[in-house]
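Student: Okay, handing you the structure first.
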Amino acid sequence: MISRTAVVYQVYVRSFLDGDGDGVGDLTGLTAGLDAVVRLGVDAVWLTPVYRSPQADHGYDVADHRAIDPLFGDLDAFDALVAAAHARGLGVVMDLVPNHVSDQHPWFVAARAGGPERELFHVRAQPNGWRSMFGGSAWSRLPDGAWYLHLFAPEQPDLDWSQPRVQEDFASTLRFWLDRGVDGFRVDVAGGLAKDPSYGEVRRGGPHPHWDRPEVHEIYRSWRRVLGPDVLAVAEAWGPPDRTAAFARADELGQAFAFEILRTPWSAAALRRTVDAQLAAHRAVGALPAWVAGNHDVARVATRLGPERALALHLFLLALPGAFYLYAGDELGLPDADVPPEAWQDPQSLRSGGRLPNRDGARVPLPWTSGERVGFTTGEPWLPVPAAWSGYARDRQEADPASTWSVLHRALAARSALWTVDDLAWEPAPPGVLVGRRGGAVVVLNASSRPCPLARLTPGAVVARSDSHADPAVVSPSECVWVRAGA
Ligand code: NOJ
């Protein structure tokens, strides 16, 4: 069982470690890399989708929810991964994609040919004004001229969740993976499953026609009955804290990502506001937030904030009540790679003609070993790895006590014994500085441009700090420090 305050390591499987030399990360590679995950000190791994898929959206277009794509391996390789993870005390979280399927899914193939499976999708004689998240209309045409809905790419037709067959099929999918030993699910586009049956246009006020509608919560209550109380589930839902935290109710998914932090500027006041709003919204439903500093959909945190602040933000979020999801590569402090347009793979930027951000830069394969080939694959990596990334390689960082990896490693080792109390109380602090107390431990974040003498803020012993070269008596600008109070 994965605790609701666990640290979960998000593996973008394509880019973690390639076991067969085809340039794409896979399950054998991930299994081989598990010891490195254990050394880092996290509690569980979340795998981005590895199901059978034509990869139009890198696996978020699923053609068979109960099969592994040959690109990543097979069910035997999956079972071996789960066994190896459990043997090392790591939980395994699958990525579930319920909002849409691939246009190659047998249901949609039959629907396109005019079969009764059409009722499993949103097929209409006329489109409405709904927009795709990847740009343009959310409607495309079937060969006979009817229109089908896709909130993402045209290769990702949306399912109609009012259909019992859709609901039953997903319950079978949940059982299938639970029987194979999976410990949790990250739920893709969690807020999108229920659509307005009258397909009304987007209007101010009242429920949105396809985001976070009241009916969607009924779906997750039915899932929780299948999952039982112990299986972790986390909602990928973007929106105001009270709306997203609603998915974290105990009889629903139990956890929801606190994405707002990704859009919060580097200011003590703004960070405090976001943290307070998330904690309040979650507490109102009896839950704690799932904090994130990055994922495969946004620019890497080291690029958004710069390397020092990125590491300080990690320590800050790891000190808060709740869970933390660590995006693979952020423990190495990787920045976004500058992927040349001719190498772009992301449907979001290709479909929008570059108008929407390119997500490839945050998805580039990880550097394992210093040296020219960086150890991810013996073949050609699916996205080019910058030559300079040898300097970020895991082997080099594990050997350097001042590296990003080592800072996080020490913090992860100290985390659960230090932060035992769920309450967070802010203490008086100079402008630009946050001092948060949880029982006998204190987190200090210096978002100002001046060093701050530690003794003036809080007495105690430093347990972890994000700047290994800092003067021990101060909290440097852009630094986060953990203190065991009272000494
Ligand atoms: C969210 C996923 O994280 C993203 O990568 C994907 O493109 C969309 N959902 C659609 O499934």
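The values are calculated or read from the model by the stated rules, or taken from the named source; none is laboratory data. Fair warning: this is a prediction, and the values are worked out from it, not measured in the lab. Neighbour counts are summed over all protein chains in view; Cβ atoms, including those assigned to glycine, are modelled from backbone coordinates with ideal geometry. Ligands, DNA and RNA are excluded from the accessible area calculation, which covers all protein heavy atoms including side chains. Shrake-Rupley method; radii C 1.70, N 1.55, O 1.52, S 1.80 Å.
Student: Please give the FRET efficiency for SER162 paired with ASP242, using the beta carbon to beta carbon distance and R0 = 35 Å, rounded to the nearest 0.05.
Tutor: Between SER162 and ASP242 the formula returns 0.90.
Student: With unit charges on the beta carbons (Lys and Arg positive, Asp and Glu negative) and the dipole taken about the Cα centre of the range 106-149, which residue among GLY115, ALA146, PRO127 sits farthest to the positive side?
Tutor: Of GLY115, ALA146, PRO127, it is PRO127.
Student: Same structure again: Which value, in Å², gives the accessible area per residue of the chain when a 1.4 Å probe is used on the protein heavy atoms?
Tutor: In whole numbers, the chain has 37 Å² accessible per residue.
Student: Relative to the longest principal axis of the C-alpha atoms of the chain, give the angle of the C-alpha long axis of helix 404-418, reported between 0 and 90° and rounded to the nearest 10°.
Tutor: Between the helix axis and the principal axis of the chain, the angle is about 90 degrees.
Student: Okay, moving on. With a 1.4 Å probe and all protein chains kept in place, how do ARG394, ARG52 rank by accessible area, largest first?
Tutor: ARG52, ARG394
Student: With loop defined by DSSP as not H, G, I, E or B, and exposure as at most 10 other Cβ atoms within 10 Å, which is the longest segment of the chain clear of exposed GluC sites (Glu not before Pro)?
Tutor: Result, exposed sites excluded: 1-200.
Student: Using a Förster distance of 60 Å, how high is the FRET efficiency between ALA110 and ALA485, based on the Cβ-Cβ distance and rounded to 0.05?
Tutor: Values: r = 63 Å, r/R0 = 1.06.
It comes out at approximately 0.40.
Student: Angle, helix 307-318 long axis vs. longest principal axis of the chain, Cα atoms, 0 to 90°, nearest 10?
Tutor: With rounding to tens, the tilt is 80 degrees.
Student: Would you please calculate the Kirkwood hydrodynamic radius of the range 101-178 over all C-alpha pairs and express it in Å, rounded to one decimal?
Tutor: For the range 101-178, inverting the mean 1/r across all distinct Cα pairs yields 13.0 Å.
Student: Let me ask something else about it. Could you give the length gained by full extension between GLU372 and SER172, i.e. 0.36 nm per residue of separation minus their alpha carbon distance, to one decimal place?
Tutor: Details: separation 200, 0.36 × 200 = 72.00 nm, distance 4.59 nm.
The GLU372-SER172 span can extend by a further 67.4 nm.
Student: Something else now. Relative to the Cα centre, what is the charge dipole magnitude of the range 423-485, using +1 at the beta carbon of each Lys and Arg, -1 at the beta carbon of each Asp and Glu, and rounding to the nearest 20 debye?
Tutor: 100 debye
Student: Could you order VAL407, VAL38 so the one with the most accessible surface comes first? Probe is 1.4 Å.
Tutor: VAL38, VAL407
Student: For an R0 of 56 angstrom, estimate the FRET efficiency from the Cβ-Cβ distance between TYR199 and ALA269 and round to the nearest 0.05.
Tutor: It comes to 0.85.
Student: Quickly estimate the mean residue ellipticity at 222 nm for the chain, helices only: each DSSP H run with n ≥ 4 gives -39500 (n - 2.57), and the total goes over all residues, rounded to 500. Please report the intermediate quantities before stating the final value.
Tutor: Working: 15 runs with 134 residues, N = 487.
Estimated from H runs of four or more residues: -7500 deg cm²/dmol.
Student: Next question, about the same structure. For the chain, what is the charge dipole size about the Cα centre, in debye to the nearest 20, if Lys and Arg each add +1 at the Cβ and Asp and Glu each add -1 at the Cβ? Please report the intermediate quantities before stating the final value.
Tutor: Details: 46 positive and 58 negative charges, 341 e Å.
Magnitude of the dipole: close to 1640 debye.
Student: How fast does the range 423-485 diffuse by Stokes-Einstein, in µm²/s, taking the Kirkwood radius from C-alpha pairs at 25 °C and 0.890 mPa s?
Tutor: 217 µm²/s
Student: Got a sec? Charge dipole of the range 236-316, +1 on Cβ for Lys and Arg, -1 for Asp and Glu; which of LEU305, ALA293, ALA258 is way out at the positive end?
Tutor: Of the options given, the answer is LEU305.
Student: Then there is this: Assign unit charges at the C-beta atoms only (+1 for Lys and Arg, -1 for Asp and Glu), then state the dipole size of the range 106-149 relative to its Cα centre in Debye, rounded to the nearest 20.
Tutor: I would put it at about 140 debye.
Student: If I stretch the segment between ARG131 and SER449 completely, what's the gain in nm (0.36 nm per residue apart, minus their alpha carbon distance), one decimal?
Tutor: 110.3 nm
Student: How much of the pair distance distribution for the range 221-362 lies past 27 Å, counting alpha-carbon pairs only, in percent? Provide the component values of the computation, followed by the final result.
Tutor: On the way: 2927 of 10011 pairs.
Distances greater than 27 Å cover 29 percent of the Cα pairs.
Student: Right, here's the next one. Using a 1.4 angstrom probe on heavy atoms only, work out the carbon and sulfur share of the accessible area of the chain in %.
Tutor: 53 percent
Student: Right, something else. Give me log10 I(q)/I(0) at q = 0.11 Å⁻¹ for the chain, Debye formula, one equal scatterer per alpha-carbon, no solvent.
Tutor: -0.92
Student: Net charge around SER3, counting only other residues with Cβ within less than 13 Å of its Cβ (Lys, Arg = +1; Asp, Glu = -1)?
Tutor: Values: positive: ARG4, ARG415; negative: ASP43, ASP183, ASP230, ASP422.
Here the charged neighbours net out to -2.
Student: How much accessible surface area, in Å² rounded to 10, belongs to the heavy atoms of SER222 with a 1.4 Å probe?
Tutor: So the heavy atoms of SER222 present about 40 Å² to solvent.
Student: Considering every Cα-Cα pair within the range 106-149, what fraction, in whole percent, is farther apart than 12 Å?
Tutor: On the way: 545 of 946 pairs.
Here the long-distance tail beyond 12 Å is 58 percent of all Cα pairs in the range 106-149.
Student: Could you work out how far helix 75-87 tilts from the main Cα principal axis of the chain, as a 0 to 90 degree angle to the nearest 10?
Tutor: The two axes meet at around 20 degrees.
Student: With a sphere of radius 13 Å drawn around the Cβ of PRO265, what net charge do the other residues whose Cβ falls strictly inside it have (Lys, Arg +1; Asp, Glu -1)?
Tutor: Once positives and negatives cancel, what remains is +4.
Student: Looking only at the range 446-487, which residues have a backbone nitrogen under 18 Å from a spot 7 Å from the Cα of ASP423 in the C-beta direction?
Tutor: Residues passing the 18 Å test: 485-486.
Student: Something else now. Under the 0.36 nm per residue contour assumption, what length would be gained going from the current alpha-carbon distance of ALA413 and ARG88 to full extension?
Tutor: 115.4 nm
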